[in-house]
Each structure stands twice: as structure tokens, then as C-alpha cells.
1. Select from the range 123-153 the residues that are open to solvent by 60 Å² or more (accessible area, probe 1.4 Å) and touching an Asp or Glu at 6+ places or on another chain (Cβ under 7 Å) and list them in ascending order.
2. Using the structure shown, decide if residue 179 is charged (D, E, K, R), in a helix (DSSP H, G or I) and out of contact with any Leu (no Cβ under 7 Å at 6 or more places or on another chain).
3. Scan the range 59-66 and give yes if some residue there is among the hydrophobic types (A, V, I, L, M, F, W, C) and in a loop (DSSP other than H, G, I, E, B), otherwise no.
4. Among the residues of the range 28-37, how many are closer than 14 Å to residue 73 by Cα and not in a loop (DSSP other than H, G, I, E, B)?
5. Answer yes or no as to whether residue 66 is in contact with a Lys or Arg (Cβ under 9 Å, 6 or more places away or on another chain), within 30 Å of residue 172 (Cα to Cα) and either at pLDDT 95 or above or surrounded by 13 or more Cβ atoms within 10 Å (Cβ to Cβ) (or both).
6. Read through the list (1) touching a residue at least 24 places away in the same chain (Cβ under 8 Å); (2) open to solvent by 30 Å² or more (accessible area, probe 1.4 Å); (3) closer than 18 Å to residue 101 by Cβ; (4) charged (D, E, K, R), then give the number of the only condition that residue 183 fails.
7. Filter the range 73-90 down to the residues that are open to solvent by 20 Å² or more (accessible area, probe 1.4 Å) and part of a helix (DSSP H, G or I) and list them by number.
8. Given the criteria modelled with pLDDT under 90, over 24 Å from the mean Cα position of the chain (by Cα), of a type outside the set (Gly, Ala, Ser) and assigned to a loop (DSSP other than H, G, I, E, B), does residue 152 qualify?
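The values are calculated or read from the model by the stated rules, or taken from the named source; none is laboratory data. Fair warning: this is a prediction, and the values are worked out from it, not measured in the lab. Virtual Cβ from ideal backbone geometry, glycine too; neighbours counted across all protein chains shown. Accessible surface areas use protein heavy atoms only, side chains included; no ligands, DNA or RNA. Shrake-Rupley method; radii C 1.70, N 1.55, O 1.52, S 1.80 Å.
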Amino acid sequence: FFFFKQKTAYEISACLVGSEMCIRDRYIGVQAVLALYSNWSVAPNDSEQKRIGLTGTVVDSGDGVTHIIPVSDGYIIGSCIKHIPLAGRDITKFIMSFLQSRGESIPPEDLVQTTKEIKEKYTYCSKNILEEMTEFDENVVKFHNGDPKAKVFKKYKGVSSKGKEFQCDVGPEVFLGPEMFFRPEFVNANWKTPLPHAIDSSIQNLSLIHISEPTR
């Protein structure tokens, strides 16, 4: 599968695949539809997903923006696409601000790359952010009271671009970073709509003439 944004790219890729790579058959489609197809194609025959077909809502979060894309029977409903000005870059900046505020010993020239690696390796979405913070605070108290079992920070070990080894602590930023999708006021005062609400809004805006079955 090939993903392109411009019409000329479709034409160039078709010529390249056909003449240079000697591929007889090819299919070029929209990324959101292909994402649904990849799941539908491996779903069990008796599953709900198989019955629904290429109908669903795709959340595409990249580096600079997140898109919510409703798809009905393999066709994108362009009028209901939602754009959220939060994405991977914002999580990276958020985690970086925590590392800098703690004064972690990360070489300045490797700060961005180190932050990206921490994001990709350690971050996760918390089921309950209040319980997660409470547990972290309790562990901090235990740690300062000398409890050897208290787990406050994880250790990240890396090698700088100059070949020197270094390490730094990884703390609450690993679950606070992804939380921005559910509490966007963490990082963007101008955007206060949580991701689940934006998804619901996108689905609710679908006209009945666009869908034959409920969007899942």
C-alpha cells in the first residue's frame, strides 16, 4: 500500500510500481480507509467487525496534528473530519519540560532525541490519572523516608552523540504526557475538548444519508 497526498504523486507512483518494479496489480487508497481494511481483513468471519465492513472512525495522530476521520462503507465523510491541534510533538515538548525542570544530566545536543526515546519506550495512558498521581506521591514520601521498595523514578540509560554514556530519571511525565489527549488544558490553553468528546462530536455530525449502519 502507498500513501500520498498529491494527485501527481499518485500518477508517479503508479508508473514507478508498474514499469520499474514490475508489479502487475496495485491499489492506492486513503490511509484511513486502508487502516480500517487492515483490521477488517484479519478479523474473524463471525465477528462484528467483519459484519460492519469498512465503516468506522479512524484517529490518526501524527507529529503535529491529530485527525478524527469517519469512514462509511469505505468512503471518507470529509465534512465530519475533526482536527485536534495536539499530537506527538506536544507530548515530546511536555516530557522535555519535566526533564529540564528536574535538571536531568542529558547532553543538550541529545535532549530532543532522548526525550523522543523516553516517550516511545516508557509513556502509557493511565486508567485513572488521580489514582496514578496519588500512588506516585505516596511512593515519593516512602522514598524520602528510606523505603528501599518505593518506586519513584525509572532509569533511562543512553549514549550521547559524542559517544559518552549518560543516564537520567524518568518520572510522572510518562503518564502525564499522553493524558493531554484527555485533559488538553495540560498543554494547550486554547483547546479544551478531550479526544473522546471530539470523536463523539464527529460521529454525531454524520448525516443519516451518509451511513447505512452505525459508525463504530
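1. Residue satisfying the conditions is 153 alone.
2. In short, yes.
3. yes
4. Summing the residues that are closer than 14 Å to residue 73 by Cα and not in a loop (DSSP other than H, G, I, E, B) in the range 28-37 gives 6.
5. Working: in contact with a Lys or Arg (Cβ under 9 Å, 6 or more places away or on another chain): yes; within 30 Å of residue 172 (Cα to Cα): yes; either at pLDDT 95 or above or surrounded by 13 or more Cβ atoms within 10 Å (Cβ to Cβ) (or both): yes.
Taking the combined requirement at face value, the residue satisfies it.
6. (3)
7. Of everything in the range 73-90, those that are open to solvent by 20 Å² or more (accessible area, probe 1.4 Å) and part of a helix (DSSP H, G or I) turn out to be 78, 79, 89, 90.
8. Judged against the criteria, residue 152 is a match.
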